[in-house]
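The values are calculated or read from the model by the stated rules, or taken from the named source; none is laboratory data. Computed from a predicted model, the values in this text were never measured in an experiment. Here the Cβ positions follow ideal geometry from the backbone for every residue, glycine too, while neighbour counts run over all protein chains shown.
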Amino acid sequence: MRQRGLLLAGLITLGLGVAGLALLSAGALGPRAALDEPAARGAWIFRTGTRPDGSPLPYSGGMMMRLSCADCHGPDGHGLRTPMFISPDITYRNLTDPAGMLEPDGSRGSTYTDGLIRRAVVQGVDAEGKPLAWPMPRWRLSEAEWRDLLAYLKALP
Ligand code: HEC
């Protein structure tokens, strides 16, 4: 009798565990749950160049192809070297470094503030107001989209 009781308890525990795991993975993989967080929505924008509903984010300038921040600045935002262009590390940590942002050539540029990062993304000018190289598009972002994107730049290690 006691053995059976233990077996039953074991089975129930196992069942609960499996149900819990299923719920957990549904939460982790479900797009809705995942896009609840600003940084998660920002990651979506960063990686796809689209809004979380799938519509393309408008921009002007840039290259012929439609590219996302990640396509040009790398999946981790640490910058890329391609035959067409060299792109800088755009993690928040680097852009706002008090010593000045580390440029791809190893020199130090100016220190960005939140407002200056936004201006760079929207108007295509650097922290000193000088135009950025042509591959960098000028993005049209709503207030909320900008906040989400900034949250993700801050989350990048
Ligand atoms: C087609 C390629 C391309 C795409 C797409 C792109 N960038 Fe850039 N970006 C560049 C290049 C190249 C530079 C460097 C320009 C320069 O050095 O003058 C740059 C510069 C920047 C800078 C200024 C850093 C500095 O050197 O002062 C920021 C901030 C930035 N990008 C953010 C973004 C964000 C955020 C996105 C996505 C919303 C994005 N970029 C999408 C190519 C791209």
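On the stretch given as segment 78-135, residues that are crowded, with 17+ Cβ neighbours inside 10 Å, in contact (Cβ under 8 Å) with a residue 24 or more places away in the chain and part of a loop (DSSP other than H, G, I, E, B) total 6. In segment 47-56, which residue that is more than 20 Å from THR91 (Cα to Cα) and surrounded by 15 or more Cβ atoms within 10 Å (Cβ to Cβ) is nearest to the ligand (Cβ to nearest atom)? Only one residue fits best here, namely ARG51.
Scanning segment 136-157 for residues that are of a type in the set (A, V, I, L, M), surrounded by 12 or more Cβ atoms within 10 Å (Cβ to Cβ), part of a helix (DSSP H, G or I) and more than 8 Å from the ligand (Cβ to nearest atom) turns up LEU150, ALA151, ALA155.
Per the listing ARG108, ARG66, the residue uniquely under 19 Å from the mean Cα position of the chain (by Cα) and basic (Lys, Arg) is ARG66. With the requirement that a residue be under 18 Å from ARG140 (Cβ atoms) and either modelled with pLDDT under 95 or hydrophobic (A, V, I, L, M, F, W, C) (or both), what does segment 66-89 give you? Correct list: ARG66, LEU67, CYS69, CYS72. A residue that is more than 8 Å from the ligand (Cβ to nearest atom) and either touching a helix residue (DSSP H, G or I) at 6+ places or on another chain (Cβ under 8 Å) or of a type in the set (Asp, Glu) (or both) cannot be found anywhere in segment 57-65.
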